[in-house]
Amino acid sequence: AIFKIQSKIVQGMIEYLNKNGFLQVFTPCLMGAASEGGSEVFPVAYFDKEAFLRQDPQLHRELTILGGIERLFDLGPNWRAELSHTPRHLCEHRACAVELAFIDDEYDVMKVEQELVVSAINKVRKDCKEELELLGVELERPKLPFPVLEFPKVYDILAEFGKKYEIGEDYDRESEILLWKYVKEKQKADFFFVNRFPYAVKPFYVMRVDEEPTWARSVDLICKGLELSSGGQREHRYEKLIEQVKDKKINLDSVEWFTKFFKYGAPTMGGFAIGIERLTMQLLDIKNVKEVVLFPRTPERLLP
């Protein structure tokens, strides 16, 4: 029942994306450079070189936009070499990643993401009545638009729960649950966005808010207290991009394969990558992500 539902979640996403002019593309799983800098990656012997299994080929999706495909999506596996033994972590997971050009700001990205999620839920509600009944799940269609919480107001909300943060700090796992409690109480919603994260904790390719550079146009989607996706608006201006690479103390040569194409002009763009397993787990109120994967990959488990 779980896997029939998971299949319909993906079908519902693809139906929405096809209907709205997004082209499915395939980006590489083998990377010549770690895609997100310092994050844990799996090295792979690639002839006489070292390669890495991808964490999320988001930079490749941006380059695909520069190549002229203005609305695209990519469905595939990602790997993260973290020694995490939690009910929400896997070493290999799947994501539906979406990128679009000529946006006004990150709110255009949020609009697509929330409609994508609702399309997936509608598909499950329509095609999986027996499976939902078997699992004892009443799946409601969330109201649109999803609520949005923005920094620095997020700090004020968390302070009400006794969690104090300095301006520019990221929040922790418990804070995601507290923010959900807040949204649930105020707006009766399980899905919500957190926007304008501190720039200090985000990668070089996110767009800063020009008039308030402490914050980035960086967005997480949270469902029932668990982050499902990360995304937002990307920095498309070459000079700003290079400035941010230097600001993050990244070697310019190591990202030149990506940044050089922006010299010639790029459209505004943004996107997100939503975890298939985490979405399945949260929709069905399953407590451990390993139960929604056929053959989970964890730090200890590699067979069968």
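The values are calculated or read from the model by the stated rules, or taken from the named source; none is laboratory data. Keep in mind the model is a prediction, meaning the values are calculated, not measured. Because the Cβ atoms are built from the backbone with ideal geometry, glycine has one as well, and the counts that use them run over all protein chains shown. Areas reflect the complete protein model, heavy atoms only, side chains present, ligands, DNA and RNA absent. Shrake-Rupley method; radii C 1.70, N 1.55, O 1.52, S 1.80 Å.
With a 1.4 Å probe and all protein chains left in place, how much accessible area per residue does region 1-131 have, in Å²?
Ligands and nucleic acids excluded, the result is 47 Å² per residue.
Please list, or write none, the lysines whose alpha carbon is within less than 24 Å of the alpha carbon of Lys111, excluding same-chain residues fewer than 8 places away.
Lys8, Lys19, Lys123, Lys126, Lys143, Lys153, Lys181, Lys184, Lys186, Lys188, Lys202, Lys224
What does the C-alpha gyration tensor say about the overall shape of region 1-111? Classify as rounded when a/c is under 1.5, otherwise prolate if a/b is larger than b/c, or oblate.
oblate
Hey, what number do you get for the chain at 222 nm if only DSSP H runs of n ≥ 4 count, each worth -39500 (n - 2.57), divided across all residues, to the nearest 500?
-10000 deg cm²/dmol
Please compute the contact order of region 186-286 in relative form: average sequence separation of alpha-carbon pairs under 8 Å and at least six residues apart, divided by the residue count, as a percent.
Contact order relative to length: 25 percent.
Residues in region 139-171 near a label at Lys186, defined as backbone nitrogen under 12 Å from the 7 Å Cα→Cβ point?
Under cut-off, by backbone N: 147-161.
Can you report the principal axis dimensions of the chain using only the alpha carbons, biggest first, rounded to whole angstrom?
Here the Cα extents, ordered largest to smallest, are 54, 50, 40 Å.
Excluding ligands, DNA and RNA, what is the solvent-accessible area per residue of region 178-304 at a probe of 1.4 Å, expressed in Å²?
On a per-residue basis, 45 Å².
Taking a quarter of the surface of the Cα convex hull of region 233-304, what do you get in nm²?
8.2
Using Cα-Cα distances under 8 Å and only pairs 6 or more residues apart, what relative contact order does the chain have, in percent?
For the chain, the relative contact order is 21 percent.
Taking the Cα centre of region 200-281 as origin, work out the dipole magnitude from +1 charges on Lys and Arg Cβ and -1 charges on Asp and Glu Cβ, in debye rounded to 20.
100
Determine the share of the chain's accessible area contributed by carbon and sulfur atoms, expressed in whole percent, with a 1.4 angstrom probe.
That fraction is 52 percent.
Below 8 Å between Cα atoms, with a sequence gap of 6+, how large is the relative contact order for region 118-197 in percent?
About 37 percent, as a whole number.
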